[in-house]
Amino acid sequence: MTSLQHPNPAQDLSLDPFWMPFTANRQYKARPRLLTSAQGVFYTDADGRQVLDGTSGLWCCNAGHGRREISEAVSRQIQQMDFAPTFQMGHPLPFQLAERLSELAPAGLNRVFFTNSGSESVDTALKIALGYQRAIGQGTRTRLIGRELGYHGVGFGGVSVGGMANNRKAFIPQLPGVDHLPHTLDLERNAFTKGLPAFGVERAEALEALVALHGAENIAAVIVEPMSGSAGVILPPQGYLQRLREITSKHGILLIFDEVITGYGRVGAPFASQRWGVTPDIITTAKGLTNGAIPMGAVFVAQHIHDAFMQGPKGLIEFFHGYTYSGHPVAAAAALATLDIYANEQLLTRAAELEDYWADALHRLRDLPNVIDIRNTGLVGAVHLASRPDAPGARGYEVFDGCFWEGAMVRCSGDIIAMSPPLTVEKAELDRLIDTLATVIRRTT
């Protein structure tokens, strides 16, 4: 049995039964990185060391850790009512939350469907897109288009439209009738760009080629992340998202933005669609909605899409879809408290205020060994390392692991180090994060 001495010396923690997600389980359990508490922008590990959270947990704790406002809201709600169904029943909180979110969302996206995760939000959005096309008499529109290197969660819908090979290759068959746009990563022309890269808008024209191949009358929706987060902070070239919007509108194809990562202030506005001036038809969100405290997701839908379902007898269920925990009262309480924090501390725009400082700090790393690109926007950044010829991903993992033991938590996606610190972070803490990363990169061969 693999075990780890718990901070309480009287207890032994067995590591064997838990099959960990997206983890090399045998590697991890040989030298576990175990977190036991969190406050502000720091975790504390099992040895009592402080670890600077350079990733907002998993892109989700945008307001930092240990927020009393959220824990108290959750405690009050779970004592008052732990659960209530939203199938043919209701309770006030999801209605209140949907109203708050519709005011925050881009204009026109004023209908909200609640889920429990980003994966569920994506599958919900895809089903809405297919159902909408059928509802308006376009039933041949069944094809979905994603993008290479896209990540849209782990449901079969999200895996099918996603474009990360390791998430797909073991899980065949996937949804039929799916195609993919090319990704926008261009190290040759855009390396070391601060902000959105100048080159690559022409890659949006691949959508016109797919329309010509499959026929517009057969395509229901295109789904992309405005910024590909899990693939390593791959940014949209200037004008790229606008061009996708133009093409989809021209051909009657719905445009879905997956903002599970970029939503709730990550790139300097409530949503990336607002920061970059492109309004899709549907937006998927989760993560920062509750500051990571309780699982919850929300799908924002344009009113005309929602209204297309509201036909026929009033006693007929319009959309045969939902989850037991859609609009869960405790999750909704956490989300409402989180939105209050964002508003009171003006966190949804703070990434724009810190963006230049963050960019300058990141780009100081450009001359370090094996650094081949640095990418940033808002309060997100990536350091792209050269891969070892015989071991792709090994260098990135070693840097990730080394940073943890030096007191900073980053993420690795292959040989890309990604960072997304809480929106409450101070400049001195950004410097500490970058200095730690620099130290570890220098000593990693």
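Summary table below
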quantity: By accessible area with a 1.4 Å probe, ligands and nucleic acids excluded, highest first: order of 442, 411; calculated: 442, 411
quantity: Three-way shape call for the stretch 387-445 based on the alpha-carbon gyration tensor, with the a/c threshold at 1.5; calculated: prolate
quantity: Size descriptor, Kirkwood hydrodynamic radius, that averages inverse alpha-carbon separations across the stretch 31-130, Å; calculated: 16.9 Å
quantity: Cα-based shape type of the chain, given that a ≥ b ≥ c are square roots of the gyration tensor eigenvalues and the cut on a/c is 1.5; calculated: oblate
quantity: 5 Å-binned pair-distance histogram of the stretch 114-207 (Cα, whole percent); calculated: 3, 12, 18, 19, 18, 15, 10, 5, 1, 0
quantity: At least 15 Å along the helix axis (C-alpha) and Kyte average at least -0.5, DSSP helices within the chain; calculated: 92-104, 118-135, 329-344, 394-405, 427-443
quantity: Mean-position separation - Cα centroids, the stretch 128-167 and the stretch 10-47, in angstrom; calculated: 34 Å
quantity: Within the accessible area of the chain (1.4 Å probe), percent carbon and sulfur; calculated: 54 percent
quantity: Cα pair count fraction exceeding 12 Å, expressed as % - the stretch 362-423; calculated: 66 percent
quantity: Overall form of the stretch 159-259 per C-alpha gyration tensor (a/c, 1.5; a/b vs b/c); calculated: oblate
quantity: Gaussian network model of the chain, Cα within-10 Å springs - most flexible of 206, 30, 333; calculated: 30
quantity: Contour minus Cα-Cα distance for residue 394 and residue 96 (0.36 nm per residue); calculated: 102.6 nm
quantity: Point-to-point label distance, residue 198-residue 349, nm (Cα→Cβ direction, 7 Å offset); calculated: 2.9 nm
quantity: Label-point separation, residue 26 to residue 89 (7 Å along Cα→Cβ), nm; calculated: 4.8 nm
quantity: The chain, helix-only ellipticity at 222 nm - DSSP H runs n ≥ 4, -39,500 (n - 2.57), divided by all residues, nearest 500; calculated: -10500 deg cm²/dmol
quantity: Sorted peptide list for 241-250, 110-119, criterion being average Cβ within 10 angstrom, highest first; calculated: 110-119, 241-250
quantity: Å² per residue, accessible surface of the chain at 1.4 Å; calculated: 43 Å²
quantity: At 0.692 mPa s and 37 °C, Stokes diffusion of the stretch 327-445 via Kirkwood alpha-carbon radius, µm² per second; calculated: 212 µm²/s
quantity: Full-extension gain in nm, residue 34 to residue 218, via 0.36 nm per residue minus C-alpha separation; calculated: 61.4 nm
quantity: Percentage relative contact order, the chain, counting C-alpha pairs under 8 Å, at least six apart; calculated: 21 percent
quantity: Relative contact order (%) - the stretch 374-414, alpha-carbon pairs under 8 angstrom, separation at least six; calculated: 27 percent
quantity: When the convex hull of its Cα atoms is projected in every direction, mean area for the stretch 192-339 (nm²); calculated: 11.1 nm²
quantity: Projected label distance in nm at residue 317 and residue 189, using a 7 Å step from Cα toward the beta-carbon; calculated: 4.9 nm
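The values are calculated or read from the model by the stated rules, or taken from the named source; none is laboratory data. All of these numbers come straight from a predicted model, not from anything done at the bench. Glycine also receives a Cβ, built like all others from the backbone with ideal geometry; neighbour counts cover every protein chain displayed. Side chains included, ligands, DNA and RNA excluded: accessible areas come from the protein's heavy atoms. Shrake-Rupley method; radii C 1.70, N 1.55, O 1.52, S 1.80 Å.
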